[in-house]
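I have placed the structure first, in the form of structure tokens, so that the comments after it can refer back to it.
The values are calculated or read from the model by the stated rules, or taken from the named source; none is laboratory data. A quick note: this is a predicted structure, and the numbers were derived from the prediction, not measured. All Cβ positions, glycine included, derive from the backbone under ideal geometry; neighbour counts span all protein chains shown.
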Amino acid sequence: MSEKMSTHQAEEDQRNEEILIYLNGEVVPKTEAKVSVFDSGFMLGDGVWEGLRLYNGTWAFMDEHLDRLFEAAKAIDLDIGLDRNGLKNALFETQNANGMTTDAHARLMVTRGVKTRPFQHPSLSRQGPTMTIIMEHSRPNLPRPIKLATVPHIRGLPMTQDPKLNSHSKLNCILACIAAEKAGADEALMLDVNGFVNTTNACNFFIVRKGEVWTSTGDYCMNGITRQKVIDLCRENGIPIYERNYSLVDTYGADEAFLTGTFGAQTPVGSIDGRQIGEGQMGPVTERIRGLYKALIGKECA
């Protein structure tokens, strides 16, 4: 049986044992980066986050990531405590403190902060937000295509917990991932409320059928920045792309499938529910899209 993987699997890097972490205006050693047990994020998952990737000294699509973060913070009525330039400066300060130039990943997290008592009401968070940036050296290390398993956990409706929110409350996706692992897969393929194929527990999902690229309507999935870049690249380069409803039957019969995300860019899928997809390897359309994306990153992060 092949070794379990995840879409965020990276090469081991000893430098990550000595990283410095941004915490509430200070850059501190990893061992000193601690938050209170009364923090809203620890206690309730009350917060939002963003992942960014560093290429050639530049944070790719930084403005779009910050747009998404500020929009999510507004949606949950959370004052981040810094303006846009303040957030950028915090990111650059952490990057410079760690001497990072490329192949680095940043997780920027904001919670509603420390609560006065251990209960739910947001008015109990009176000390201002908690903000941290974890920055690691990371180079993706995926020795084979990803295996997916369909799970009973779905991406919900906006009135339950809007799947477009990159919130700290990830239990639904974690349970989906656990179910997939129990089924012998690496990650979970999640359906939407209508039973159409939607996303995985960690990434956006695409299939290729007869040269056409299909992805979900976007109504029930994370509004992925890499997802949108792939859609735009297909449109700009004559690759037919459709945001549409499609079923597991369509998916099992696909010629190719791949995932998108900030960390792994485009990750090929080899099998779903024990059914080999295409040749079980990265297909020609996925490879072309990966090349176009790499060129876009080269231009963005020259």
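Examine segment 136-151 for a residue that is over 30 Å from Glu287 (Cα atoms) and modelled with pLDDT of 95 or more, and state whether such a residue exists.
no
Using the structure shown, decide if Ala179 is among the aliphatic types (A, V, I, L, M) and assigned by TED's automatic domain parsing to the domain that holds Ser247.
yes
Kindly list, by first and then second residue, each pair from a residue in segment 130-145 that is closer than 9 Å to Ile21 by Cα to a residue that is assigned to a loop (DSSP other than H, G, I, E, B), limited to pairs with Cβ atoms under 9 Å and residues at least 6 apart or on different chains.
From segment 130-145, the pairs are Thr132/Asn24; Thr132/Ala33; Thr132/Val35; Ile134/Ile19; Ile134/Ala33; Met135/Ile19; Met135/Met100.
Of these, Ala185, Ala176, which one is modelled with pLDDT of 95 or more, aliphatic (A, V, I, L, M) and within 23 Å of Asp46 (Cβ to Cβ)?
When all the criteria are applied, what remains is Ala176.
Taking Cys221, is it in contact with a Pro (Cβ under 7 Å, 6 or more places away or on another chain) and touching a residue at least 60 places away in the same chain (Cβ under 8 Å)?
Criteria met by Cys221.
Out of the residues in segment 146-179 that are among the aliphatic types (A, V, I, L, M) and more than 30 Å from Ile21 (Cβ to Cβ), which is surrounded by the fewest Cβ atoms within 10 Å (Cβ to Cβ)?
Looking at residues that are among the aliphatic types (A, V, I, L, M) and more than 30 Å from Ile21 (Cβ to Cβ), I get Met159.
Kindly state which strands (runs of 3 or more DSSP E) lie completely within segment 1-113 and contain at least 3 residues that are in contact (Cβ under 8 Å) with a residue 24 or more places away in the chain.
Output list reads 20-23, 47-55, 104-111.
Report whether or not Ala73 is outside the structural domain of Pro158 (by TED's automatic domain parsing), at pLDDT 95 or above, of a type in the set (A, V, I, L, M, F, W, C) and farther than 21 Å from Asn223 by Cα.
In short, no.
It is to be established whether one or more residues within segment 192-211 are in contact with a Pro (Cβ under 7 Å, 6 or more places away or on another chain) and crowded, with 18+ Cβ neighbours inside 10 Å.
no
Taking into account only those residues within segment 1-26 that are at pLDDT 95 or above and touching a Ser or Thr at 6+ places or on another chain (Cβ under 6 Å), which is surrounded by the fewest Cβ atoms within 10 Å (Cβ to Cβ)?
Of everything passing the filter in segment 1-26, Leu23 is surrounded by the fewest Cβ atoms within 10 Å (Cβ to Cβ).
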